[in-house]
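J.: What follows is a single structure, and I will ask about it in a moment.
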Amino acid sequence: MGFGEAVKHVYSNYVNFRDRAPRSEYWWFVLFNIIVSIIVGLVEMKLGLASGIMAMGDGSMSASFAGGPLSIIWALANILPGIGVSVRRLHDTDRSGWWLLIGLIPLIGAIVLLVFMCSRGTAGPNRFGPAPLV
């Protein structure tokens with residue numbers, strides 16, 4: 001599955017929490033979100049809607065970014081598609097979508113989810129449906 005096809009598939013199936021998603025679909029969508037988030041952040045900084053590098057009172061510089069309204073809108077618009085593709089990706093590894101909640105555990109949860117998302121999907125059909133790339 002290519003970049004454009006993956007992004008289109010995620011947005012057209014944003015409330016589908018029952019099928020399977022291959023690694024390529026998930027990771028192309030993650031890359032798309034990173035790229036668009038950076039662009040939105042740069043646009044906000046250019047328009048003065050968000051803060052970037054700030055001078056501290058002691059003469060030092062602090063690199064921080066406080067997202068503005070466009071970043072908030074982008075994040076809210078991608079909550080359901082992101083959850084949907086994540087649940088389908090977990091289904092491809094024959095895990096319940098409830099495993100997504102392990103991400104709430106600081107650091108360890110994120111590492112476990114990263115391993116799950118990078119894992120090869122189940123060959124052939126599993127309890128969540130047929131293999132997605134067949």
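J.: Is region 43-66 home to any residue that is within 17 Å of the chain's Cα centre (by Cα) and either modelled with pLDDT of 95 or more or buried (at least 17 other Cβ atoms within 10 Å of the Cβ) (or both)?
T.: no
J.: Here are some residues: V10, V30, V36. Which one is surrounded by 19 or more Cβ atoms within 10 Å (Cβ to Cβ) and at pLDDT 95 or above?
T.: V10
J.: Working carefully through the options I105, I111, I73, find the one that is under 30 Å from V43 (Cβ atoms) and open to solvent by 40 Å² or more (accessible area, probe 1.4 Å).
T.: Going through I105, I111, I73 in turn, the sole match is I73.
The values are calculated or read from the model by the stated rules, or taken from the named source; none is laboratory data. Quick caveat, the model's predicted, so the values are computed rather than measured. Here Cβ is always computed from backbone atoms with ideal geometry, including for glycine, and neighbour counts include all displayed protein chains. Heavy atoms of the whole protein, side chains included, go into the accessibility calculation; ligands, DNA and RNA do not. Shrake-Rupley method; radii C 1.70, N 1.55, O 1.52, S 1.80 Å.
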